[in-house]
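These notes concern the structure reproduced below.
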Amino acid sequence: MSDSLDQSFKTLKQTIPLLLKHKIPAIPTNYALWYAYVENQNNELHEEIERALIEGRPFSDIYTQELYRKHVADKEELSAWQLRQSVEAMLTEFSQTVLDTQNNTEGFKASMDTCLDDLNKVEKEGWSMDEVMKLVRTMVKETQLIRNSTLDFATALKTAEKEVSQLKRELEKSQKDAFYDALTGLYNRRYLDSEIQAIDESQSPCLIMIDVDYFKEINDKYGHQMGDRVLKAIAKRLQEKCKPNATPFRFGGEEFAVLMRDTSLAEAIHQAEVIRRALEKVTVYDRRTNRSIDGVTASFGVAKLDHGMRRSDLLETADRRLYEAKRLGRNRVMPMQG
């Protein structure tokens, strides 16, 4: 066995137990991801997985997909994976344009050869003016046809270039939309659901649910554009105030969530209070109308995954405490009962 093959076999033997240990599905992309991690040739990948292991972060399906996309998959693979049919359709149409242009060019060449032969006969055979003009008209007509064909080809090239750029933008958007909220840039609910399904009690997870107070009134009074600015400002403040073991998400509408790992209920309550006070200092200003919104408030529900709880209980418990906070007057943190 060669040295390279022997090393590959050793790397594979280390990779498989890691998949089993972290309950990661044995699919080709996951093999490739963890093989690259064990091989330790990609520093960014190795550092991110090491950090996730230290923090006790679960390797959910979406998280492993994102790691693979960021560190292992290349652009060509992603393009083929996401947009193969669109690319094939574009290439088929473009190939036909090339073929048509090629056929027109060959026909033009043959026609011009005939015209040149006829031009040589003008003096030798004493052609009349009508015969000469007929020949000229033929040459002009053929030249115009090939010019139109060339223009069509140039247009097709330009269109193909635009379509390729559009496909790239769609690819980037489709990849981002799978994990991120388009408005705020935070991870979305799909990602949160995946992370919750991957956690277990040993990772001491806590969930903070957040709902912006009186958000409908903000939209009604200031308009939806101003409402969107408020959501963006809240997302920015969440990113600034969340601890390293806390990940913010946009749950949907005016609701946000923060998933914490390796933490106590008391620490999660403190994190929620830090965020609550920070939101009170948020100011959003509209230059067009010279109107501003100050002191945005939100209500918080906090829950911890205790022994015997299902993963779905974590979200349901935090959500119940959130609505209890709203019932009691809003702008407060309500933890689960210990």
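Roughly to the nearest percent, how much of the accessible area of the stretch 251-301 is carbon and sulfur, given a 1.4 Å probe?
Heavy-atom surface of the stretch 251-301 belonging to carbon and sulfur, 1.4 Å probe: 46 percent.
Rg and Dmax in Å for the stretch 224-318, alpha carbons only: what are they?
In order Rg, Dmax, the Cα atoms of the stretch 224-318 give 15.1, 54 Å.
What FRET efficiency would be calculated for the residue pair Glu217, Leu20, taking the C-beta separation as r and a Förster radius of 51 Å, to the nearest 0.05?
Numbers: r = 52 Å, r/R0 = 1.02.
Once rounded, the FRET efficiency stands at 0.45.
Quick one: if the Förster radius is 45 Å, what FRET efficiency do Thr289 and Ile54 give, using the C-beta to C-beta distance and rounding to 0.05?
The computed FRET efficiency comes out at 0.40.
So how much slack lies between Asp313 and Glu273, counting 0.36 nm per residue of separation and subtracting their Cα-Cα distance, in nm? Don't skip to the answer; put the middle values down first.
On the way: separation 40, 0.36 × 40 = 14.40 nm, distance 2.25 nm.
Here the segment from Asp313 to Glu273 would lengthen by 12.2 nm.
Residue by residue through the stretch 40-47, which ³J(HN,Hα) values in whole Hz follow from phi under the Karplus form 6.51 cos²θ - 1.76 cosθ + 1.60 (θ = phi - 60°), with glycine and proline marked x?
Once θ is set to phi - 60°, the couplings for the stretch 40-47 become 6, 9, 10, 4, 5, 4, 4, 5 Hz.
For a Förster distance of 35 Å, can you work out the FRET efficiency between the beta-carbons of Leu328 and Glu44, rounded to the nearest 0.05?
Working: r = 46 Å, r/R0 = 1.32.
Taking R0 as 35 Å, the efficiency between Leu328 and Glu44 is 0.15.
What shape does the stretch 222-265 take by its C-alpha gyration tensor, where a ≥ b ≥ c are the square roots of the eigenvalues and a/c under 1.5 counts as rounded, a/b above b/c as prolate, and the rest as oblate?
Numbers: a/c = 4.15, a/b = 2.39, b/c = 1.74.
The shape class here is prolate.
Could you list which residues have their amide H under 5 Å from that of Tyr180, counting only those 5 or more apart in sequence or on another chain, with H placed in the peptide plane?
Asn188
The values are calculated or read from the model by the stated rules, or taken from the named source; none is laboratory data. Since we're looking at a predicted model, the values are computed, not measured. We place every Cβ from the backbone using ideal geometry, glycine too, and count neighbours over all the protein chains shown. We work out accessible area using only protein heavy atoms, side chains counted, and drop any ligands, DNA or RNA first. Shrake-Rupley method; radii C 1.70, N 1.55, O 1.52, S 1.80 Å.
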